[in-house]
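Just below is one structure, and these are the notes that go with it.
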Amino acid sequence: MSLLPALLNDDTGLNRRQVEKARRAQAATELHLFGYTLETHTLAEMDRLDSQAAGDASRAALDEEIDLLEHGLARAGGSAAKAELAARRVERLANINDRRITQRFGS
């Protein structure tokens, strides 16, 4: 598919050399646009996959943090001191997960 306003043929009023030069320029333009299209589709798919992976990692981290909190609170019984210890461990795990996810998926 040409983006030029008219097809090049021998009835353009141009000499053969000019027509051939225009055809080469047209082919180069179309090839460049094709390559650009492939590149942009590739980048879009990479962004989609990165977003999906970051979401998966975030969900896995959250699940583990909640499991640890529930386990800690169950072990704490009714002790406020034990619940505080469990909360600290969950916060530490959350900080580790945040750093790891940010390092992997950040800039």
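The values are calculated or read from the model by the stated rules, or taken from the named source; none is laboratory data. In this text the structure is predicted, and so the values were computed from the model without any measurement. Glycine gets a Cβ as well: all are built from the backbone with ideal geometry, and neighbour counts include every protein chain shown.
Quick one: which of 59, 75 is loosely packed, with under 11 Cβ neighbours inside 10 Å, modelled with pLDDT of 95 or more, of a type in the set (Lys, Arg) and assigned to a helix (DSSP H, G or I)?
Numbers: 75 fails: loosely packed, with under 11 Cβ neighbours inside 10 Å.
From the options 59, 75, the qualifying one is 59.
Would you check which residues across the stretch 81-107 are more than 16 Å from residue 70 (Cβ to Cβ) and surrounded by 11 or more Cβ atoms within 10 Å (Cβ to Cβ) and list them? Spell out the reasoning first.
Taking the stretch 81-107 and keeping what is more than 16 Å from residue 70 (Cβ to Cβ), we get 81, 92, 95-107.
Within the stretch 81-107, 92, 96, 97, 98, 99, 100, 101, 102, 104, 105 meet the criteria.
Has the stretch 84-98 got at least one residue that is at pLDDT 95 or above, under 24 Å from the mean Cα position of the chain (by Cα) and polar (S, T, N, Q)?
Filtering the stretch 84-98 down to residues at pLDDT 95 or above leaves 84-98.
Those still in the list that are under 24 Å from the mean Cα position of the chain (by Cα) too: 94-98.
Retained after the next criterion (residues that are polar (S, T, N, Q)): 95, 97.
Yes: the stretch 84-98 contains one or more residues that are at pLDDT 95 or above, under 24 Å from the mean Cα position of the chain (by Cα) and polar (S, T, N, Q).
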